[in-house]
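Some notes on the structure that comes next.
A short reminder: the numbers here are calculations on the coordinates, not readings from a lab. These figures come from a predicted structure and were not determined experimentally. Ideal geometry is used to build each Cβ from the backbone, glycine not excepted, and the neighbour counts take in all protein chains shown.
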Amino acid sequence: MIRIVVVDDHPVVRDGIIANLQAAEGIAVVAAASDVAGAVRLAAQHHPDVLLLDLELPDGSGLDVIAPVKAASPKTQIVVFTAYGGEERVSAALERGAASYVLKGTSSDVLIASVRAAAQGESRLDSQIASQLVASLRAPRAARLTVREREILRLVADGLSNRSIAERLGISERTVKYHVAEILGRLGAENRAQAVSIAGRRGLL
């Protein structure tokens with residue numbers, strides 16, 4: 001039996017997901033949460049095989065759920081199930097430890113297959129997401145700055161600190177640090193000033 005915790009803040013959507021999962025053979029939804037705090041608490045309490053995770057939650061990003069859940073319940077596999085794709089979100093989720101990334105709107109069969117695969121330690125990507133990542137990998141590295149990374153880079157160029165950027169964009173300072181590190185790596189820069197200089201020469205600002 002695959003034991004699942006579902007995390008989604010929309011009651012109607014959450015109830016629909018639970019109904020579809022419960023109808024599948026060999027799957028049991030043991031708990032459901034609507035926010036980051038609840039997701040972490042229930043994962044630590046139930047140690048589910050799979051945590052099905054939305055990224056848009058009222059008390060923060062679902063991305064902030066992944067590391068605490070993996071720490072509290074290392075064997076729990078995380079399947080991101082969200083309406084939003086984009087290289088930035090997908091990469092962040094996978095790098096933090098998510099096993100799979102599935103877009104809402106996909107069929108119940110695909111979702112259930114992704115859950116079953118995750119429970120077996122396998123990873124699945126939505127076909128649309130996989131196509132985007134392949135296209136991105138084929139592009140020159142410096143040209144693969146995401147929209148968010150370009151936005152942060154422009155604020156860095158304006159002289160804003162990580163804290164100020166976080167406040168301006170409504171994200172955590174840790175997330176800003178992550179993006180700045182990614183920007184430095186993609187541009188081959190050793191520091192923020194050099195990144196701005198390189199970006200300016202390449203017309204990325």
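Details
- Taking the chain as a Gaussian network of alpha-carbon nodes connected by springs under 10 Å, the highest mean-square fluctuation of the residues LEU103, LEU42, LEU160 belongs to LEU160.
- Distant-in-sequence amide H partners of TYR84 (H built 1.01 Å from N, under 5 Å): LYS104
- Charge dipole (debye, nearest 20) of the chain; +1 at Cβ of Lys and Arg, -1 at Cβ of Asp and Glu: 800
- Global form of the stretch 1-85, assessed from the alpha-carbon gyration tensor, a/c cut-off 1.5: oblate
- Each peptide in 29-35, 189-195 gets a packing score, the mean of other Cβ atoms within 10 Å over its residues, and the list from highest to lowest is 29-35, 189-195.
- The value given for the chain is a Kirkwood hydrodynamic radius of 18.0 Å, derived from the mean inverse Cα-Cα separation.
- Translational diffusion coefficient of the stretch 141-201 (Stokes-Einstein, Kirkwood radius from Cα pairs, 10 °C, 1.306 mPa s): 141 µm²/s.
- Förster radius 22 Å - calculated FRET efficiency between VAL30 and GLU95 (Cβ-Cβ, nearest 0.05): 0.20
- Cβ crowding within 10 Å ranks ILE198, ILE4, ILE66 as ILE198, ILE66, ILE4, fewest other Cβ atoms first.
- Value at 222 nm in deg cm²/dmol, rounded to 500, when DSSP H runs of n ≥ 4 in the chain each add -39,500 (n - 2.57): -16500 deg cm²/dmol
- The residue list ILE152, ALA71, ALA119 was ranked by how far each Cα lies along the charge dipole of the chain toward its positive end, using unit charges on Cβ atoms, and ILE152 comes out on top.
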